[in-house]
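Below is one structure, written out as structure tokens; comments come after it.
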């Protein structure tokens, strides 16, 4: 427990700081802060997928890179198709994939390697659903407005509460079946409670952006650096340089859509979350594939 507290002391302190900021900052300023975090660390954490694939397969030829690039683009286009042609289905897939991805990043090192893939998958998804259900319930009005504009679907508060309680109960039950995680369930429950204080006070974009960046992206970047550039003093700089093209394309893409289609300010939030979902979908797929292949080859999951 002491080790876990030391590992997450930055995240915990940051959560308290942002709870305080949610009282001091107005909605516009919160949106600016959240946007800055998401468009810097948030986007960068998913910008080295191709490099991760090449490092994992240990193939760096031009042919392999082109094959990886084509496959990656196809996954991106699949995400775009889902979110813009079939938005209702796209949202469902985004929540499921993101729930799994967030839960995997947060819990993977806390669960025994010997546990089955099915057990781990159910555990990760349940934690992610508890997290999303908590955010969606405490920010129901904003969530409903965004989903209505994206897909035309109505989401009731009761459904978000159901998502939270089913996710939480399933997570706690499965956590009790894990010897390693069992000792940390009280801590993990307190973390969700602490995040709940932030979610209820902040705006939707700040609450989501904070978790996405501080609790998910920063640990992910650290794991990727350890995998890509072990013992390299210049690893962080190389990582940033490799991320730069993807980051530029992503930002210019959002700005271009906003200006070209003359998006009204009221519709920017739905556009923003659709854009974020479309670009994080392939990252989630890549990370899932990498960790699954690592489990099959070595019998243990390499952290990314």
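The values are calculated or read from the model by the stated rules, or taken from the named source; none is laboratory data. Source: prediction; values computed, not measured. For neighbour counting, all protein chains shown are included, and Cβ atoms are generated from backbone atoms with ideal geometry for every residue, glycine included.
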Find the residue count for region 158-182, including only residues that are surrounded by 15 or more Cβ atoms within 10 Å (Cβ to Cβ) and in a loop (DSSP other than H, G, I, E, B). 1
Of (1) modelled with pLDDT under 90; (2) part of a helix (DSSP H, G or I), residue 155 fails just (2)
Helices (runs of 4 or more DSSP H) within region 183-230 that include 3 or more residues buried (at least 22 other Cβ atoms within 10 Å of the Cβ), without any contact (Cβ under 8 Å) to a residue 40 or more places away in the chain and over 12 Å from the mean Cα position of the chain (by Cα): none
Subset of region 106-125, residues more than 19 Å from the chain's Cα centre (by Cα) and either modelled with pLDDT of 90 or more or buried (at least 16 other Cβ atoms within 10 Å of the Cβ) (or both), comes to 111, 115, 118, 119
One residue is enough: does region 32-45 have a residue meeting the conditions surrounded by 17 or more Cβ atoms within 10 Å (Cβ to Cβ), at pLDDT 80 or above and more than 16 Å from residue 247 (Cα to Cα)? yes
